[in-house]
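Here's the structure we're looking at; comments come further down.
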Amino acid sequence: MANPRRQSFLSGAMILTATIVVTKFIGALYKIPLGNLLDSEGMAHFYAAYNIYRLLLTLSTAGLPLAMSRMVSEAEALGRENQKHRIFHVALGLFLVMGAVSGAGMFLLSAPLSRLLHDTLAQTSVRVLAPAVFFVCLMSAIRGYTQGQGNMKPTAASEIIESLSKAVIGYGLAWWLLSRGLPRHIAAAGAIGGVTAATALALIALLLYLAGRKGRRPSRDVPEDRRIILRRLLRIGIPITAGSCGMSLITVLDTSLVLGTLQRSLGYSQAEATALYGQYTYGLNLFTLPPALIAPVTISLIPAVSAARARLDGASARRNMDAAFRFAALLALPLGAGLCVLSRPLLDLLYPDIPETAAAAAGHLSVLGIASIFVCLMTLSGGILQAYGRERIPLWTLLAGGLAKIISNYLLVGDPAIGIRGAAYSTLLCYVLIAVLNLIAVARSVPERPGYLEVFAKPLLCTAVMAAGARSAFGLLAQWFPGRLAVLLAILFAAAVYAALVLAMGIIRRQDLAALPNGGKIADLLHIR
(Lines give C-alpha, C1' and ligand atoms only; values in the text may rest on other atoms or scores of the structure.)
Protein backbone atom coordinates (compact mmCIF):
# COMPACT_ATOMS: atom_id res chain seq x y z
CA MET A 1 0.00 0.00 0.00
CA ALA A 2 1.36 3.37 -0.88
CA ASN A 3 2.48 5.46 1.99
CA PRO A 4 0.38 8.62 2.30
CA ARG A 5 2.03 11.86 3.33
CA ARG A 6 2.54 11.76 7.07
CA GLN A 7 0.62 14.41 8.96
CA SER A 8 2.03 16.27 11.95
CA PHE A 9 0.84 15.27 15.40
CA LEU A 10 -1.39 18.31 15.88
CA SER A 11 -2.64 18.19 12.30
CA GLY A 12 -3.71 14.55 12.77
CA ALA A 13 -5.26 15.36 16.13
CA MET A 14 -7.19 18.28 14.65
CA ILE A 15 -8.48 16.12 11.79
CA LEU A 16 -9.81 13.54 14.23
CA THR A 17 -11.15 16.20 16.59
CA ALA A 18 -13.02 17.88 13.75
CA THR A 19 -14.36 14.46 12.81
CA ILE A 20 -15.54 13.89 16.37
CA VAL A 21 -17.34 17.24 16.31
CA VAL A 22 -19.11 16.24 13.10
CA THR A 23 -19.96 12.74 14.33
CA LYS A 24 -21.18 14.07 17.67
CA PHE A 25 -23.41 16.52 15.85
CA ILE A 26 -24.76 13.70 13.73
CA GLY A 27 -25.07 11.58 16.87
CA ALA A 28 -27.08 14.34 18.52
CA LEU A 29 -29.41 14.34 15.52
CA TYR A 30 -29.78 10.61 16.24
CA LYS A 31 -29.81 10.18 20.00
CA ILE A 32 -31.76 13.28 20.99
CA PRO A 33 -34.79 12.49 18.79
CA LEU A 34 -34.32 8.83 19.68
CA GLY A 35 -34.43 9.71 23.38
CA ASN A 36 -37.61 11.69 22.82
CA LEU A 37 -39.02 8.76 20.84
CA LEU A 38 -38.11 5.88 23.16
CA ASP A 39 -38.22 7.76 26.51
CA SER A 40 -36.27 6.49 29.52
CA GLU A 41 -37.54 2.90 29.34
CA GLY A 42 -36.54 2.34 25.74
CA MET A 43 -33.18 4.08 26.18
CA ALA A 44 -32.42 1.87 29.18
CA HIS A 45 -32.84 -1.22 26.95
CA PHE A 46 -30.69 0.46 24.29
CA TYR A 47 -27.84 1.15 26.71
CA ALA A 48 -28.05 -2.24 28.38
CA ALA A 49 -27.18 -3.84 25.04
CA TYR A 50 -24.70 -1.13 24.15
CA ASN A 51 -22.76 -1.56 27.40
CA ILE A 52 -22.31 -5.28 26.69
CA TYR A 53 -21.23 -4.45 23.14
CA ARG A 54 -18.75 -1.88 24.43
CA LEU A 55 -17.26 -4.41 26.84
CA LEU A 56 -16.72 -7.05 24.15
CA LEU A 57 -15.51 -4.40 21.73
CA THR A 58 -13.00 -3.13 24.27
CA LEU A 59 -11.81 -6.68 24.91
CA SER A 60 -11.27 -7.15 21.18
CA THR A 61 -9.95 -3.78 20.06
CA ALA A 62 -8.92 -1.46 22.91
CA GLY A 63 -5.23 -2.27 23.23
CA LEU A 64 -4.23 -4.04 20.05
CA PRO A 65 -4.91 -1.15 17.61
CA LEU A 66 -2.79 1.13 19.82
CA ALA A 67 -0.06 -1.52 19.99
CA MET A 68 -0.24 -1.93 16.23
CA SER A 69 -0.16 1.85 15.69
CA ARG A 70 2.89 2.14 17.92
CA MET A 71 4.75 -0.69 16.15
CA VAL A 72 3.87 0.61 12.67
CA SER A 73 5.01 4.14 13.58
CA GLU A 74 8.35 2.80 14.83
CA ALA A 75 8.85 0.83 11.60
CA GLU A 76 7.83 3.88 9.58
CA ALA A 77 10.34 6.10 11.41
CA LEU A 78 13.14 3.63 10.65
CA GLY A 79 12.11 3.15 6.99
CA ARG A 80 11.24 -0.54 7.44
CA GLU A 81 8.50 -0.85 4.83
CA ASN A 82 8.36 -4.67 4.76
CA GLN A 83 8.20 -4.81 8.56
CA LYS A 84 5.30 -2.37 8.53
CA HIS A 85 3.27 -4.48 6.11
CA ARG A 86 3.93 -7.70 7.97
CA ILE A 87 2.73 -6.09 11.21
CA PHE A 88 -0.53 -5.20 9.43
CA HIS A 89 -1.10 -8.72 8.09
CA VAL A 90 -0.38 -10.39 11.43
CA ALA A 91 -2.67 -7.95 13.25
CA LEU A 92 -5.45 -8.36 10.68
CA GLY A 93 -5.49 -12.13 11.19
CA LEU A 94 -5.59 -11.69 14.96
CA PHE A 95 -8.47 -9.21 14.74
CA LEU A 96 -10.39 -11.53 12.44
CA VAL A 97 -10.30 -14.33 15.00
CA MET A 98 -11.09 -12.08 17.97
CA GLY A 99 -13.99 -10.42 16.19
CA ALA A 100 -15.55 -13.73 15.22
CA VAL A 101 -15.24 -15.15 18.75
CA SER A 102 -16.55 -12.01 20.47
CA GLY A 103 -19.47 -11.53 18.07
CA ALA A 104 -20.53 -15.16 18.31
CA GLY A 105 -20.27 -15.08 22.11
CA MET A 106 -22.44 -11.98 22.31
CA PHE A 107 -25.12 -13.57 20.12
CA LEU A 108 -25.16 -17.01 21.78
CA LEU A 109 -25.02 -15.66 25.34
CA SER A 110 -27.53 -12.85 24.85
CA ALA A 111 -30.01 -14.29 27.37
CA PRO A 112 -27.61 -14.70 30.33
CA LEU A 113 -25.95 -11.37 29.56
CA SER A 114 -29.33 -9.63 29.69
CA ARG A 115 -30.17 -11.35 32.98
CA LEU A 116 -26.83 -10.19 34.37
CA LEU A 117 -27.95 -6.60 33.78
CA HIS A 118 -31.37 -7.24 35.32
CA ASP A 119 -32.97 -6.25 31.99
CA THR A 120 -34.25 -9.38 30.27
CA LEU A 121 -36.06 -7.33 27.61
CA ALA A 122 -32.67 -6.19 26.26
CA GLN A 123 -31.96 -9.68 24.84
CA THR A 124 -33.21 -8.80 21.35
CA SER A 125 -31.01 -5.70 21.21
CA VAL A 126 -27.97 -7.71 22.31
CA ARG A 127 -28.46 -10.21 19.48
CA VAL A 128 -28.98 -7.53 16.85
CA LEU A 129 -25.78 -5.77 17.94
CA ALA A 130 -23.55 -8.88 17.98
CA PRO A 131 -22.34 -8.71 14.32
CA ALA A 132 -21.11 -5.15 14.89
CA VAL A 133 -18.30 -6.49 17.09
CA PHE A 134 -16.89 -8.46 14.17
CA PHE A 135 -17.10 -5.52 11.78
CA VAL A 136 -15.45 -3.10 14.19
CA CYS A 137 -12.60 -5.52 14.87
CA LEU A 138 -11.68 -5.54 11.19
CA MET A 139 -12.03 -1.75 11.04
CA SER A 140 -9.71 -1.39 14.02
CA ALA A 141 -6.92 -3.24 12.22
CA ILE A 142 -7.14 -0.93 9.22
CA ARG A 143 -7.42 2.19 11.35
CA GLY A 144 -4.46 1.17 13.51
CA TYR A 145 -2.34 0.65 10.40
CA THR A 146 -3.15 4.02 8.84
CA GLN A 147 -2.85 5.87 12.16
CA GLY A 148 0.58 4.34 12.72
CA GLN A 149 1.66 5.99 9.46
CA GLY A 150 0.38 9.34 10.72
CA ASN A 151 -2.58 9.31 8.32
CA MET A 152 -5.82 10.04 10.17
CA LYS A 153 -8.00 10.69 7.11
CA PRO A 154 -9.24 7.08 6.57
CA THR A 155 -10.26 6.89 10.22
CA ALA A 156 -12.03 10.24 9.96
CA ALA A 157 -13.93 9.35 6.79
CA SER A 158 -15.04 5.95 8.07
CA GLU A 159 -16.24 7.43 11.37
CA ILE A 160 -18.39 9.99 9.56
CA ILE A 161 -19.88 7.26 7.36
CA GLU A 162 -20.56 5.14 10.43
CA SER A 163 -22.16 7.97 12.38
CA LEU A 164 -24.36 9.16 9.54
CA SER A 165 -25.52 5.64 8.67
CA LYS A 166 -26.30 4.89 12.30
CA ALA A 167 -28.44 8.00 12.61
CA VAL A 168 -30.48 7.43 9.48
CA ILE A 169 -30.96 3.67 9.74
CA GLY A 170 -31.27 3.45 13.54
CA TYR A 171 -33.82 6.20 14.00
CA GLY A 172 -35.74 5.10 10.93
CA LEU A 173 -36.07 1.53 12.19
CA ALA A 174 -37.06 2.62 15.71
CA TRP A 175 -39.73 4.99 14.38
CA TRP A 176 -41.09 2.37 11.96
CA LEU A 177 -41.32 -0.32 14.66
CA LEU A 178 -43.11 2.00 17.09
CA SER A 179 -45.49 3.16 14.36
CA ARG A 180 -46.53 -0.45 13.89
CA GLY A 181 -47.49 -0.68 17.55
CA LEU A 182 -44.55 -2.82 18.71
CA PRO A 183 -43.22 -2.42 22.29
CA ARG A 184 -40.33 -0.13 23.19
CA HIS A 185 -37.79 -2.91 23.73
CA ILE A 186 -38.32 -4.00 20.10
CA ALA A 187 -37.98 -0.40 18.93
CA ALA A 188 -34.74 -0.17 20.93
CA ALA A 189 -33.51 -3.25 19.04
CA GLY A 190 -34.32 -1.44 15.80
CA ALA A 191 -32.24 1.53 16.90
CA ILE A 192 -29.41 -0.85 17.77
CA GLY A 193 -29.77 -2.39 14.30
CA GLY A 194 -28.67 0.96 12.92
CA VAL A 195 -25.35 0.58 14.77
CA THR A 196 -24.73 -2.83 13.21
CA ALA A 197 -25.59 -1.64 9.70
CA ALA A 198 -23.41 1.45 10.12
CA THR A 199 -20.32 -0.53 11.15
CA ALA A 200 -20.74 -2.77 8.10
CA LEU A 201 -20.91 0.24 5.76
CA ALA A 202 -17.87 1.89 7.38
CA LEU A 203 -15.88 -1.34 7.02
CA ILE A 204 -16.76 -1.50 3.31
CA ALA A 205 -15.50 2.08 2.90
CA LEU A 206 -12.15 1.23 4.52
CA LEU A 207 -11.76 -1.92 2.42
CA LEU A 208 -12.35 0.14 -0.72
CA TYR A 209 -9.68 2.59 0.50
CA LEU A 210 -7.16 -0.22 0.89
CA ALA A 211 -8.09 -1.73 -2.47
CA GLY A 212 -7.21 1.57 -4.12
CA ARG A 213 -3.71 1.64 -2.55
CA LYS A 214 -2.01 -1.57 -3.61
CA GLY A 215 1.39 -0.08 -4.34
CA ARG A 216 4.35 -0.39 -1.98
CA ARG A 217 7.51 1.65 -1.70
CA PRO A 218 10.62 -0.44 -2.51
CA SER A 219 12.44 -1.57 0.61
CA ARG A 220 15.14 -4.13 1.37
CA ASP A 221 14.51 -4.54 5.10
CA VAL A 222 13.95 -8.07 6.37
CA PRO A 223 10.77 -8.23 8.46
CA GLU A 224 10.62 -10.10 11.74
CA ASP A 225 9.10 -13.54 12.01
CA ARG A 226 5.30 -13.52 12.31
CA ARG A 227 5.43 -15.19 15.71
CA ILE A 228 7.78 -12.52 17.04
CA ILE A 229 5.47 -9.77 15.78
CA LEU A 230 2.44 -11.52 17.28
CA ARG A 231 4.15 -11.89 20.65
CA ARG A 232 5.11 -8.21 20.65
CA LEU A 233 1.60 -7.15 19.67
CA LEU A 234 0.19 -9.16 22.56
CA ARG A 235 2.87 -8.00 25.01
CA ILE A 236 2.07 -4.35 24.32
CA GLY A 237 -1.64 -4.72 23.67
CA ILE A 238 -2.78 -7.08 26.43
CA PRO A 239 -2.04 -4.72 29.36
CA ILE A 240 -3.77 -1.87 27.51
CA THR A 241 -6.71 -4.12 26.67
CA ALA A 242 -6.91 -5.42 30.22
CA GLY A 243 -7.00 -1.90 31.59
CA SER A 244 -9.60 -0.66 29.14
CA CYS A 245 -11.60 -3.85 29.43
CA GLY A 246 -11.50 -3.52 33.19
CA MET A 247 -13.21 -0.13 32.91
CA SER A 248 -15.80 -1.46 30.46
CA LEU A 249 -16.42 -4.45 32.69
CA ILE A 250 -16.84 -2.10 35.61
CA THR A 251 -19.38 -0.13 33.54
CA VAL A 252 -21.37 -3.29 32.86
CA LEU A 253 -21.15 -4.32 36.52
CA ASP A 254 -22.07 -0.76 37.43
CA THR A 255 -25.26 -1.06 35.39
CA SER A 256 -26.07 -4.38 37.02
CA LEU A 257 -25.21 -3.12 40.51
CA VAL A 258 -27.25 0.08 40.18
CA LEU A 259 -30.32 -1.71 38.83
CA GLY A 260 -29.96 -4.55 41.34
CA THR A 261 -29.46 -2.20 44.30
CA LEU A 262 -32.48 -0.11 43.34
CA GLN A 263 -34.59 -3.27 43.25
CA ARG A 264 -33.20 -5.15 46.25
CA SER A 265 -32.30 -2.37 48.68
CA LEU A 266 -34.85 0.28 47.80
CA GLY A 267 -37.72 -1.98 46.72
CA TYR A 268 -38.25 -0.70 43.18
CA SER A 269 -39.75 -2.98 40.53
CA GLN A 270 -37.69 -3.84 37.44
CA ALA A 271 -39.66 -1.31 35.36
CA GLU A 272 -39.21 1.45 37.97
CA ALA A 273 -35.50 0.77 38.37
CA THR A 274 -35.04 0.67 34.60
CA ALA A 275 -36.78 4.03 34.25
CA LEU A 276 -34.55 5.60 36.93
CA TYR A 277 -31.42 4.25 35.28
CA GLY A 278 -32.74 5.50 31.96
CA GLN A 279 -32.82 9.02 33.41
CA TYR A 280 -29.17 8.60 34.42
CA THR A 281 -28.25 7.66 30.83
CA TYR A 282 -29.52 11.02 29.58
CA GLY A 283 -26.77 12.62 31.65
CA LEU A 284 -24.28 10.07 30.31
CA ASN A 285 -25.04 11.13 26.72
CA LEU A 286 -23.44 14.56 27.24
CA PHE A 287 -20.86 13.28 29.74
CA THR A 288 -19.12 11.39 26.91
CA LEU A 289 -18.65 14.50 24.75
CA PRO A 290 -15.43 15.99 26.25
CA PRO A 291 -13.60 12.62 26.42
CA ALA A 292 -14.60 11.94 22.80
CA LEU A 293 -12.89 15.18 21.74
CA ILE A 294 -9.73 14.31 23.69
CA ALA A 295 -9.47 10.74 22.40
CA PRO A 296 -8.06 11.91 19.01
CA VAL A 297 -5.20 13.62 20.83
CA THR A 298 -4.23 10.31 22.42
CA ILE A 299 -4.66 8.41 19.15
CA SER A 300 -2.33 10.85 17.38
CA LEU A 301 0.10 11.22 20.29
CA ILE A 302 1.01 7.55 20.76
CA PRO A 303 2.46 6.97 17.25
CA ALA A 304 4.07 10.43 17.26
CA VAL A 305 5.88 9.84 20.57
CA SER A 306 6.76 6.26 19.59
CA ALA A 307 8.31 7.47 16.33
CA ALA A 308 10.27 10.18 18.17
CA ARG A 309 11.57 7.66 20.68
CA ALA A 310 12.59 5.30 17.85
CA ARG A 311 14.67 8.17 16.40
CA LEU A 312 16.03 8.96 19.89
CA ASP A 313 14.49 12.44 19.55
CA GLY A 314 13.51 13.36 23.10
CA ALA A 315 12.95 17.03 22.22
CA SER A 316 10.27 16.12 19.67
CA ALA A 317 8.54 13.83 22.16
CA ARG A 318 8.54 16.66 24.72
CA ARG A 319 7.05 19.15 22.24
CA ASN A 320 4.28 16.73 21.29
CA MET A 321 3.38 15.99 24.91
CA ASP A 322 3.43 19.66 25.84
CA ALA A 323 1.07 20.47 22.97
CA ALA A 324 -1.18 17.52 23.86
CA PHE A 325 -1.56 18.58 27.49
CA ARG A 326 -2.35 22.18 26.57
CA PHE A 327 -4.81 21.10 23.89
CA ALA A 328 -6.53 18.78 26.37
CA ALA A 329 -6.69 21.45 29.05
CA LEU A 330 -8.10 24.03 26.64
CA LEU A 331 -10.91 21.68 25.58
CA ALA A 332 -11.70 19.55 28.62
CA LEU A 333 -11.90 22.25 31.29
CA PRO A 334 -14.45 24.57 29.63
CA LEU A 335 -16.57 21.72 28.26
CA GLY A 336 -16.80 19.95 31.61
CA ALA A 337 -17.51 23.16 33.50
CA GLY A 338 -20.12 24.17 30.94
CA LEU A 339 -21.96 20.86 31.31
CA CYS A 340 -21.93 21.37 35.08
CA VAL A 341 -23.25 24.94 35.30
CA LEU A 342 -25.74 24.67 32.41
CA SER A 343 -26.91 21.10 32.98
CA ARG A 344 -30.63 21.84 33.36
CA PRO A 345 -30.90 24.39 30.49
CA LEU A 346 -28.97 22.08 28.15
CA LEU A 347 -31.17 19.08 28.86
CA ASP A 348 -34.34 21.17 28.56
CA LEU A 349 -33.03 22.37 25.19
CA LEU A 350 -32.27 18.87 23.94
CA TYR A 351 -35.26 16.97 25.31
CA PRO A 352 -38.30 19.28 25.19
CA ASP A 353 -40.73 16.36 24.72
CA ILE A 354 -39.80 14.73 28.04
CA PRO A 355 -39.34 17.63 30.52
CA GLU A 356 -39.65 15.45 33.63
CA THR A 357 -36.88 13.12 32.45
CA ALA A 358 -34.68 16.11 31.51
CA ALA A 359 -35.20 17.66 34.93
CA ALA A 360 -34.29 14.40 36.68
CA ALA A 361 -31.18 13.95 34.51
CA ALA A 362 -29.91 17.49 35.23
CA GLY A 363 -28.71 16.58 38.70
CA HIS A 364 -26.69 13.70 37.27
CA LEU A 365 -25.16 15.84 34.52
CA SER A 366 -24.02 18.57 36.93
CA VAL A 367 -21.80 15.98 38.63
CA LEU A 368 -20.85 14.09 35.48
CA GLY A 369 -19.70 17.32 33.82
CA ILE A 370 -16.90 17.66 36.35
CA ALA A 371 -16.17 13.93 36.09
CA SER A 372 -15.71 14.29 32.32
CA ILE A 373 -12.69 16.54 32.91
CA PHE A 374 -10.95 13.78 34.82
CA VAL A 375 -11.87 11.21 32.16
CA CYS A 376 -10.00 13.41 29.67
CA LEU A 377 -6.96 13.59 31.93
CA MET A 378 -7.13 9.83 32.49
CA THR A 379 -7.23 9.17 28.74
CA LEU A 380 -4.33 11.46 27.86
CA SER A 381 -2.06 10.44 30.73
CA GLY A 382 -2.78 6.77 30.09
CA GLY A 383 -1.83 7.22 26.43
CA ILE A 384 1.47 8.84 27.40
CA LEU A 385 2.30 5.97 29.73
CA GLN A 386 1.49 3.50 26.96
CA ALA A 387 3.70 5.35 24.46
CA TYR A 388 6.59 5.09 26.93
CA GLY A 389 6.16 1.36 27.44
CA ARG A 390 4.42 1.69 30.83
CA GLU A 391 1.27 -0.14 29.70
CA ARG A 392 0.73 -1.88 33.02
CA ILE A 393 0.41 1.30 35.08
CA PRO A 394 -2.93 2.40 33.55
CA LEU A 395 -4.21 -1.13 34.17
CA TRP A 396 -3.62 -0.89 37.91
CA THR A 397 -4.96 2.64 38.20
CA LEU A 398 -8.12 1.65 36.30
CA LEU A 399 -8.66 -1.29 38.59
CA ALA A 400 -8.18 0.94 41.64
CA GLY A 401 -10.72 3.44 40.30
CA GLY A 402 -13.14 0.68 39.33
CA LEU A 403 -13.01 -0.83 42.78
CA ALA A 404 -13.71 2.59 44.30
CA LYS A 405 -16.66 2.99 41.93
CA ILE A 406 -18.22 -0.35 42.80
CA ILE A 407 -17.88 0.18 46.54
CA SER A 408 -19.16 3.75 46.44
CA ASN A 409 -22.02 2.69 44.16
CA TYR A 410 -23.12 0.07 46.63
CA LEU A 411 -22.96 2.50 49.56
CA LEU A 412 -24.49 5.55 47.86
CA VAL A 413 -27.16 4.06 45.60
CA GLY A 414 -28.34 1.83 48.44
CA ASP A 415 -28.86 4.88 50.67
CA PRO A 416 -32.55 5.91 50.40
CA ALA A 417 -31.57 9.56 50.84
CA ILE A 418 -29.31 9.43 47.75
CA GLY A 419 -30.59 6.62 45.52
CA ILE A 420 -29.82 6.83 41.82
CA ARG A 421 -27.86 10.09 42.31
CA GLY A 422 -25.15 8.00 43.91
CA ALA A 423 -24.24 6.58 40.48
CA ALA A 424 -22.99 10.00 39.32
CA TYR A 425 -21.06 10.64 42.55
CA SER A 426 -19.35 7.25 42.31
CA THR A 427 -18.42 7.97 38.69
CA LEU A 428 -16.78 11.24 39.73
CA LEU A 429 -14.83 9.54 42.52
CA CYS A 430 -13.69 6.79 40.17
CA TYR A 431 -12.23 9.07 37.50
CA VAL A 432 -10.68 11.53 39.94
CA LEU A 433 -8.74 8.68 41.53
CA ILE A 434 -7.60 7.24 38.18
CA ALA A 435 -6.55 10.59 36.71
CA VAL A 436 -4.57 11.61 39.80
CA LEU A 437 -2.76 8.26 39.96
CA ASN A 438 -1.95 8.41 36.23
CA LEU A 439 -0.59 11.96 36.45
CA ILE A 440 1.62 10.98 39.38
CA ALA A 441 2.92 8.03 37.36
CA VAL A 442 3.68 10.28 34.36
CA ALA A 443 5.57 12.70 36.59
CA ARG A 444 7.70 9.88 37.98
CA SER A 445 8.37 7.80 34.84
CA VAL A 446 8.39 10.18 31.84
CA PRO A 447 11.48 12.43 31.70
CA GLU A 448 10.09 14.78 29.02
CA ARG A 449 6.73 15.51 30.62
CA PRO A 450 5.73 19.21 30.94
CA GLY A 451 5.09 20.99 34.24
CA TYR A 452 1.48 20.53 35.34
CA LEU A 453 1.18 23.98 36.92
CA GLU A 454 2.39 25.62 33.73
CA VAL A 455 -0.09 23.63 31.63
CA PHE A 456 -3.25 23.86 33.76
CA ALA A 457 -3.08 27.12 35.73
CA LYS A 458 -4.10 29.60 33.02
CA PRO A 459 -6.80 27.40 31.38
CA LEU A 460 -8.26 26.73 34.84
CA LEU A 461 -8.49 30.47 35.55
CA CYS A 462 -10.10 31.12 32.16
CA THR A 463 -12.57 28.29 32.77
CA ALA A 464 -13.60 29.64 36.19
CA VAL A 465 -14.38 33.06 34.70
CA MET A 466 -16.20 31.47 31.75
CA ALA A 467 -18.35 29.23 33.99
CA ALA A 468 -19.39 32.13 36.18
CA GLY A 469 -20.17 34.19 33.08
CA ALA A 470 -22.21 31.38 31.50
CA ARG A 471 -24.32 30.89 34.60
CA SER A 472 -24.91 34.61 35.10
CA ALA A 473 -25.61 35.21 31.41
CA PHE A 474 -28.25 32.49 31.29
CA GLY A 475 -29.95 33.84 34.40
CA LEU A 476 -30.21 37.30 32.83
CA LEU A 477 -31.07 36.17 29.31
CA ALA A 478 -33.81 33.80 30.55
CA GLN A 479 -35.72 36.88 31.77
CA TRP A 480 -35.82 38.36 28.27
CA PHE A 481 -35.77 35.43 25.84
CA PRO A 482 -37.40 31.98 25.55
CA GLY A 483 -35.49 29.20 27.32
CA ARG A 484 -33.98 27.61 24.20
CA LEU A 485 -32.73 30.89 22.80
CA ALA A 486 -31.45 31.98 26.21
CA VAL A 487 -29.26 28.90 26.62
CA LEU A 488 -27.87 29.18 23.08
CA LEU A 489 -26.99 32.85 23.64
CA ALA A 490 -25.42 31.99 27.00
CA ILE A 491 -23.26 29.32 25.34
CA LEU A 492 -22.12 31.77 22.65
CA PHE A 493 -21.34 34.39 25.29
CA ALA A 494 -19.34 31.90 27.36
CA ALA A 495 -17.41 30.72 24.29
CA ALA A 496 -16.55 34.30 23.33
CA VAL A 497 -15.39 35.12 26.87
CA TYR A 498 -13.26 31.99 27.02
CA ALA A 499 -11.66 32.58 23.60
CA ALA A 500 -10.87 36.19 24.48
CA LEU A 501 -9.24 35.16 27.77
CA VAL A 502 -7.20 32.39 26.12
CA LEU A 503 -5.84 34.80 23.52
CA ALA A 504 -5.23 37.58 26.05
CA MET A 505 -3.27 35.27 28.36
CA GLY A 506 -1.15 33.85 25.52
CA ILE A 507 -2.07 30.21 26.18
CA ILE A 508 -2.04 29.27 22.47
CA ARG A 509 1.44 29.48 20.99
CA ARG A 510 2.50 30.24 17.43
CA GLN A 511 4.38 26.94 17.21
CA ASP A 512 1.12 25.07 17.94
CA LEU A 513 -0.67 26.77 15.06
CA ALA A 514 2.33 26.32 12.76
CA ALA A 515 1.65 22.57 12.71
CA LEU A 516 -1.81 23.17 11.18
CA PRO A 517 -2.67 23.94 7.56
CA ASN A 518 -2.38 27.73 7.08
CA GLY A 519 -1.39 27.94 10.74
CA GLY A 520 0.92 30.87 10.16
CA LYS A 521 -1.88 32.93 8.63
CA ILE A 522 -4.17 32.05 11.53
CA ALA A 523 -1.48 33.14 14.00
CA ASP A 524 -1.03 36.45 12.16
CA LEU A 525 -4.79 37.02 12.09
CA LEU A 526 -5.02 36.44 15.85
CA HIS A 527 -1.79 38.43 16.52
CA ILE A 528 -0.13 35.41 18.17
CA ARG A 529 3.65 35.75 18.36
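Per-residue accessible area for residue 89 at 1.4 Å probe radius, Å² rounded to 10? That residue has around 90 Å² of solvent-accessible surface.
Suppose R0 equals 45 Å. What FRET efficiency, 1/(1 + (r/R0)^6) with r the Cβ-Cβ distance, do residue 109 and residue 476 give to the nearest 0.05? Mind dumping the intermediate values first?
Values: r = 54 Å, r/R0 = 1.21.
Using R0 = 45 Å, I get an efficiency of 0.25.
Compute the semi-axes of the equivalent ellipsoid of the range 147-211, taking the square root of 5 times each eigenvalue of the Cα gyration tensor, and list them largest first in whole Å.
31, 9, 8
For the pair residue 18 and residue 311, label points projected 7 Å from Cα toward Cβ lie 2.4 nm apart. Selection among 427, 477, 439 by position relative to the dipole of the range 410-506 gives 477 as farthest towards the positive end (Cβ unit charges, Cα centre). Label zone of residue 484 (point 7 Å out along Cα→Cβ, amide N under 14 Å): in the range 351-373 this covers 351-355. Given a cut-off of 15 Å, what percent of all Cα-Cα pairs of the range 295-370 lie beyond it? Taking all Cα-Cα pairs of the range 295-370, the fraction more than 15 Å apart is 64 percent.
Under 18 Å from a point 7 Å along the Cα-to-Cβ line of residue 222: which residues of the range 75-90 have their amide N that close? Within reach of a label on residue 222, which here means backbone N under 18 Å from a point 7 Å along Cα→Cβ, the range 75-90 contributes 79-87. Spin-label pair residue 445-residue 201: with each label point 7 Å from Cα along the Cα-Cβ axis, the two points sit 4.2 nm from one another. Within the shell of other residues whose beta carbon sits under 12 angstrom from the beta carbon of residue 356, the net charge comes to -3, with Lys and Arg scored +1 and Asp and Glu -1.
Each label point was placed 7 Å from the Cα along the Cα-to-Cβ direction; for residue 505 and residue 454 their separation is 1.7 nm.
With a/c under 1.5 counting as rounded, go ahead and sort the range 80-145 into rounded, prolate or oblate using the C-alpha gyration tensor (a ≥ b ≥ c being the square roots of the eigenvalues; past the cut-off, prolate if a/b is larger than b/c, else oblate).
On the way: a/c = 4.37, a/b = 3.64, b/c = 1.20.
Prolate is the answer for the range 80-145, as a/c is 1.5 or above and a/b outweighs b/c.
Using a Förster distance of 35 Å, how high is the FRET efficiency between residue 29 and residue 231, based on the Cβ-Cβ distance and rounded to 0.05? Here the calculated transfer efficiency is 0.20. Seen through its C-alpha gyration tensor, with square-root eigenvalues sorted a ≥ b ≥ c, the chain comes out oblate because a/c lies at 1.5 or above while a/b is not bigger than b/c.
Separation of the range 299-341 from the range 387-434 is 24 Å, based on Cα centroids.
The values are calculated or read from the model by the stated rules, or taken from the named source; none is laboratory data. Bear in mind the structure is a predicted one, so any value in this text is a computation, not a measurement. Note: ideal-geometry Cβ built from the backbone for every residue, glycine included; neighbour counts use all protein chains shown. Remember, those area values only see protein heavy atoms, side chains included, never the ligands or the DNA or RNA. Shrake-Rupley method; radii C 1.70, N 1.55, O 1.52, S 1.80 Å.
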